[in-house]
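**Q** One structure is given below, represented as structure tokens, and several questions about it will come after.
The values are calculated or read from the model by the stated rules, or taken from the named source; none is laboratory data. Nothing here was measured: the structure is a model prediction, and the numbers come from that model. Cβ coordinates were reconstructed from backbone atoms using ideal geometry, including for glycine residues, and neighbour counts include every protein chain displayed. Accessible surface is based on the protein model in full, side chains and every heavy atom, while ligands, DNA and RNA are left aside. Shrake-Rupley method; radii C 1.70, N 1.55, O 1.52, S 1.80 Å.
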Amino acid sequence: AIKKPIDARPLVSIVTPSYNSEKFIAETIASVQKQTVTNWELLIIDDASSDETVACVQKLQEKDSRIHCIALSENKGPAHARNLGIKKAKGKYLTFLDADDLWFPEFLECSITKAKKHPFVFASYKRLDENLEPYLSDFIVPEKVSYTDILKSNAISCLTAFLDIEVLGKKYMPLIKKRQDMGLWLQYLKKTDYACGIQEPLAIYRIRRDSL
């Protein structure tokens, strides 16, 4: 089994909703295991997948105690799955990673460094297709965004949002089909004046034809 290396940095809770993700989830988990920060918990909430997602995650969980799989018996959508992950999160920091997206190894490290100065951080990312080939140009985020900025255009993506929930507290996503993440960011931007952007791409957003 992979032993959790000693890392003096505070615990980071990573919430990953999954639904029929067997094709991609091992690669997503590997991108978390390659982080330069090792003190994390990965909460995978499976939304009643009909494929082998859960079996795939459980196999990896047996080898790495930082991975936790919660398998739901009925499909309730990504907002419900993420909210259950938020509820169970034990870390000082909270972040999200969808079951088909990837982080570069320094994502957590850069986010923690930035979050020491400001409790709500987000980063730029690459936009690739299903096979990780270039699809659109890199999405480079602004240096900061406020509540009113988000209302005009949401520059904060779920795969790079990073929150100090010791400072900001736990809030939950509205149970709507799309833009649940934006609903959550707006709640946090009522508590803090702005979110701080990291211009360097630190993640890969995988654009799939059939995905919500």
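**Q** How about the range 92-123: which trypsin sites (Lys or Arg not before Pro) there are in a DSSP loop, with at most 11 other Cβ atoms within 10 Å of their Cβ?
**A** Here the trypsin sites (Lys or Arg not before Pro) that fit, given the DSSP loop and packing criteria, are Lys116, Lys117.
**Q** What's the ranking of 131-140, 75-84, 27-36, 166-175 by average number of surrounding C-beta atoms within 10 Å, highest first?
**A** Listed from highest to lowest mean packing, they are 75-84, 27-36, 166-175, 131-140.
**Q** A follow-up question, please. For the range 172-212, what is the accessible area per residue in Å² when the probe is 1.4 Å? Write down the numbers at each step before the final one.
**A** Working: 2460 Å² over 41 residues.
It amounts to 60 Å² per residue over the range 172-212.
**Q** Another question about this same structure. Among the listed pairs Lys90/Lys171; Lys152/Lys178; Lys23/Lys87, which are separated by more than 18 Å between their Cα atoms?
**A** Numbers: Lys90/Lys171 14 Å; Lys152/Lys178 16 Å; Lys23/Lys87 27 Å.
Cα-Cα > 18 Å for Lys23/Lys87; rest within.
**Q** Next up: Here are a few candidate values for semi-axes √(5λ) of the Cα gyration tensor in Å: (1) 29, 18, 15; (2) 24, 20, 18; (3) 33, 19, 14. Which one was actually calculated from the structure I just gave you?
**A** Looking at semi-axes √(5λ) of the Cα gyration tensor in Å for this model, the match is (2).
**Q** Could you name the lysines in cross-link range of Lys114, using Cα to Cα under 17 Å and dropping any fewer than eight places away on the same chain?
**A** List returned: Lys92, Lys144.
**Q** Here's another thing I want to ask about it. Taking all protein chains together and a probe of 1.4 Å, list Arg9, Arg206 from the most accessible to the least accessible.
**A** Arg9, Arg206
**Q** So between Lys88 and Ile140, what do we pick up on full extension, going 0.36 nm a residue minus the alpha carbon distance?
**A** Taking Lys88 through Ile140 to full extension adds about 15.6 nm, to one decimal.
**Q** How large is the Rg to Rh ratio of the range 36-160 when both quantities use alpha carbon positions and Rh follows Kirkwood?
**A** Values: Rg = 16.0 Å, Rh = 16.6 Å.
Over the Cα atoms of the range 36-160, Rg/Rh equals 0.97.
**Q** Could you tell me the center-to-center distance, by alpha carbons, between the range 68-115 and the range 148-212 in angstrom?
**A** When both Cα centres are located, 12 Å separates them.
**Q** Can you give the helix-only mean residue ellipticity at 222 nm for the chain, where every DSSP H stretch with n ≥ 4 adds -39500 (n - 2.57) and the sum goes over all residues, rounded to the nearest 500 deg cm²/dmol?
**A** After summing the helix terms and dividing by the residues of the chain, the value is -7500 deg cm²/dmol.
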